Amino acid sequence: MGAEVDVVIIGGGLAGLAAARRLHRAGVPWRLVEASGRLGGRVATDVIDGHLIDRGFQVLNTAYPRLGTLLDTGQLNLGYFTSGVLVRKGDNLLRLVNPVREPTGGPGTALAGVGSLFDRLRFAALATGCATLPTSRLLAAPETSTETALRRAGLSDAFIEELLRPFLSGVFIDRELSTSSRVLAMVLRSFARGRIGLPAEGMAALPLAIAAPLPADLLDLDTPVAEVAPGRVRTQAGDIRCRAVVVAVDPPAASALLPTLATVRMHSYTTYYHSAPEPPLTEPILLVDGGRRELVANTVVLSNAAPTYAPTGRHLIATSVVGPTAPPEPTIRAELTRLYGRSTADWTHLTTVAVPEALPAAPPPQGQLRKPVALGEGLFVAGDHRDSPSIQGALTSGWRAAGAVLDELRAG
Ligand SMILES: Cc1cc2nc3c(=O)[nH]c(=O)nc-3n(C[C@H](O)[C@H](O)[C@H](O)COP(=O)(O)OP(=O)(O)OC[C@H]3O[C@@H](n4cnc5c(N)ncnc54)[C@H](O)[C@@H]3O)c2cc1C
């Protein structure tokens, strides 16, 4: 290649795209190189028999602060989920509404059978605090694991085990709830303040919308980077010389390209997709297992939120399992029969999507949820492992890394 440019961004996931947007806006010459044949990284959508199959169940929270800088979420035609969760406990399907968005609740708020009234009041107080206190206060609170924080908040064992562990294990992809309490606080804040939705064209529409203002000829697909050194990026097509490099690859690839970075443990996630002629629920709401069985983390009828996810006459159900071991589909289907309380015999198993390296672990200490992005000698790093393990974390890390590049270029 023998090319030359001010900044090379490695990786076309959300972090790399956010960095490109900031550099582009600043008028700095840049170029992005992506190993695969498409943009979006861990956010991807395939089509199977007319169904939109995201590469693992994931959702967009409209309260993520960095989204507004990069796109108008209105252009994604989001289909929204009900703000709350259903819990299967024995023969009962119980409901917890979001205590901040709907403080007066509804008839279903009385989650009899899961925890106590005190649990619900304490959880409402915790969520309200996360929603309303300044971020600086939340990030100054003593840091511990999610599990310890929930117990310190006075929540009962039943409330944690039958509702919060299944629910949060799907959010953090971490059944042990070892994730930092600071990440918990930021997640509860986003849930309380925003709405959860799916783009009408699948989650892949998110990175594509962020990339849309960027010139396509600056985005080199199918270009894996083999080596990085100050001022030089080595690809199969040759070297690119540059003043700064932003390494915005996934955490395992980041430690391979930048050996001085600490290795990050990754959590695994598997999603089973089924197509049904009738929806097992008519509401777009997450269903979790309150039976302490530790198998299914959550299940949801995606097409209830975004009807475009399934062709006419069909309904798409996504069921997710946390951890490296994915049970066979018939085991999951038996669980679904119990969870939805109806036969699943006429369902079609479309596919199972396993993502072994889905989300970086974020145990305490995570400090201010902002790890350094400038490594010196013109090397910068971005990705969800530098901020919080989320779409927001990936976007904001890329934005921060580009800001640090601009500071250094201006200073130099
Ligand atoms: C199953 C699943 C469910 C999730 N659910 C949610 C959710 O509901 N809400 C939420 O907020 N977040 C969720 N997330 C997390 C979110 O998707 C990620 O945090 C985010 O997409 C990470 O973006 P990134 O840019 O940091 O990394 P990535 O998306 O991994 O992008 C890195 C890019 O670098 C490229 N690359 C790697 N090596 C090289 C190389 N050598 N040369 C060139 N390019 C390279 C890769 O191909 C990739 O495109 C989920 C993730 C998964 C997998």
Scan of the stretch 235-281 for residues that are within 22 Å of residue 355 (Cα to Cα), in contact with a Leu (Cβ under 8 Å, 6 or more places away or on another chain) and not hydroxyl-bearing (Ser, Thr, Tyr), ordered by number: 247, 249, 254, 266, 267, 274
Residue within the stretch 267-284 that is of a type in the set (S, T, N, Q), more than 16 Å from the ligand (Cβ to nearest atom), in the same structural domain as residue 329 (by TED's automatic domain parsing) and in contact with a Ser or Thr (Cβ under 9 Å, 6 or more places away or on another chain) present: yes
Qualifying position, being within 11 Å of the ligand (Cβ to nearest atom), assigned by TED's automatic domain parsing to the domain that holds residue 211, in a loop (DSSP other than H, G, I, E, B) and among the small types (Gly, Ala, Ser), among 393, 383: 383
Members of the stretch 58-72 that are among the polar types (S, T, N, Q) and either under 16 Å from the mean Cα position of the chain (by Cα) or assigned to a strand (DSSP E or B) (or both): 58, 61, 62
So residue 184, is it assigned to a helix (DSSP H, G or I) and modelled with pLDDT of 95 or more: yes
Residues of the stretch 27-57 satisfying the condition of being more than 24 Å from residue 196 (Cα to Cα), within 7 Å of the ligand (Cβ to nearest atom) and in a loop (DSSP other than H, G, I, E, B): 34, 35, 36
Residue that is more than 28 Å from residue 249 (Cα to Cα) and either within 16 Å of the ligand (Cβ to nearest atom) or at pLDDT below 95 (or both), where the choices are 159, 191: 159
Any hit, the stretch 171-193, residues being free of Cβ contacts under 8 Å to residues at least 24 places away in the same chain and closer than 30 Å to residue 39 by Cβ: yes
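The values are calculated or read from the model by the stated rules, or taken from the named source; none is laboratory data. If you're wondering where the values come from, they're calculated on a predicted model, not measured in any experiment. Virtual Cβ from ideal backbone geometry, glycine too; neighbours counted across all protein chains shown.
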